[in-house]
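Throughout, read-outs are computed from the coordinates displayed, never taken from laboratory work. Source: prediction; values computed, not measured. Note: ideal-geometry Cβ built from the backbone for every residue, glycine included; neighbour counts use all protein chains shown.
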Amino acid sequence: ASSTVLQAVSDGVLSVTLNRPEKLNSFNEDMHLALRAAIRRAHDDDAIRAVLLTGAGRGFSAGQDLGDRDPRKGGPAPDLGRTLDSFYNPTLRLIRSLEKPVVCAVNGVAAGAGANIAFACDIVLAAKSAKFIQAFAKIGLVPDAGGTWSLTRILGEPRAKALALTAEPLMAEKAADWGLIWKAVDDDALLPEAQALAQSLAAGPTLGLGLTKRLIQAAATNTLDEQLDEERDCQQQAGRSADYAEGVTAFLEKRKPEFKGK
Ligand code: T3D
């Protein structure tokens, strides 16, 4: 059987491809576990300095595989609280806590938890033909995989509510205009551009980039005083890194820095 998530490492980038194209990369248990294992690998392996997440085929991900939730098969209603705890939430937390950049290349439709996993990534590029759908309202669920959190923080209540209550598709260019993603690019340019971005991030000062991610995420819940203290602590750590010494030396020597990620 082919793998539900493909992994490849090149130039410090772990490329992770959701790979159930015939089901629009909707999540079954196997794909959940495989995605989680890939992000764990990025946590554990120092040679990986950035992650690129994308989908195989014409979609990014259609969220939960609803074939696995078919009520016609009988039995008690599924405990979706438990499935979130067991599957979606650990992956969301792993993406957010990974102190390395995660680039997401949304190659086609991203629906339900598929959209919200994309929004959890650090820099999101989407093909112009891609769309984001908070599909939950169509089947009687609430947005999950962090959707109520990320949509509300990024867009504010009016747009978050309209997207979530209507399940209306949001095209990539509008998502970029609204600040929900970094940018929408021509379909053909998506993968090359996302790969180049991930590669340049992987060649960057990984420790400093990781601390930067941590700080920006902390800002949402910190007071200014708390944030200033955290910036001080992170800068202290960054200032002791070999990459900082290299960055300053390279600047003074008018050459490109060669960061080692330490
Ligand atoms: O359960 C829990 O653990 C709780 C967590 C829930 C998280 C969630 O994500 S809930 C939301 C689940 N997702 C959806 O409700 C979206 C369902 N899909 C769609 O609405 C549409 O497929 C799309 C708008 C995403 C794309 O439409 P379109 O017209 O481009 O493609 P299509 O023809 O609908 O889909 C292509 C194939 O993929 C098709 O299979 P077939 O008929 O060719 O054999 C379709 O059934 C399959 N597919 C698409 N989405 C899913 C799916 N199969 C299973 N589950 C899916 N989510």
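Brief remarks follow.
- Each of Leu84, Ala47, Pro71 was scored by the projection of its Cα onto the charge dipole of the stretch 1-103, and the greatest displacement toward the positive side belongs to Pro71; charges sit on the C-beta of Lys, Arg, Asp and Glu.
- Debye, to nearest 20: dipole size of the stretch 1-95, +1 on Lys, Arg Cβ, -1 on Asp, Glu Cβ: 220 debye
- Simple Cβ-charge dipole of the stretch 206-252, Lys/Arg +1 and Asp/Glu -1, about Cα centre, in debye nearest 20: 180 debye
- Residue (of Leu141, Met31, Ser97) at the positive-pole extreme of the stretch 5-202, dipole from beta-carbon charges: Leu141
- Full-extension gain in nm, Ala137 to Trp149, via 0.36 nm per residue minus C-alpha separation: 2.7 nm
- Annotation: peptides 122-132, 198-208, 241-251, 19-29, ranked by per-residue average of other Cβ atoms within 10 Å with the highest first, follow the order 122-132, 198-208, 19-29, 241-251.
- Using C-alpha pairs below 8 Å separated by at least 6 residues, the relative contact order for the stretch 44-188 is 24 percent.
- Projected label distance in nm at Val9 and Lys73, using a 7 Å step from Cα toward the beta-carbon: 3.5 nm
- Cα gyration tensor shape of the stretch 99-252, rounded if a/c is under 1.5, else prolate or oblate by comparing a/b with b/c: oblate
- Cysteine residues of the chain whose C-beta has no other cysteine C-beta under 4.7 angstrom: Cys234.
- Sequence-distant residues sharing a close amide H with Leu53 (under 5 Å, placed H): Val16, Val103, Cys104, Ala105
- Counting all C-alpha pairs of the chain, share separated by more than 27 Å (%): 40 percent
- Of Asp79, Asp177, Asp45, the one that fluctuates the most in a GNM where the chain has Cα springs shorter than 10 Å: Asp79
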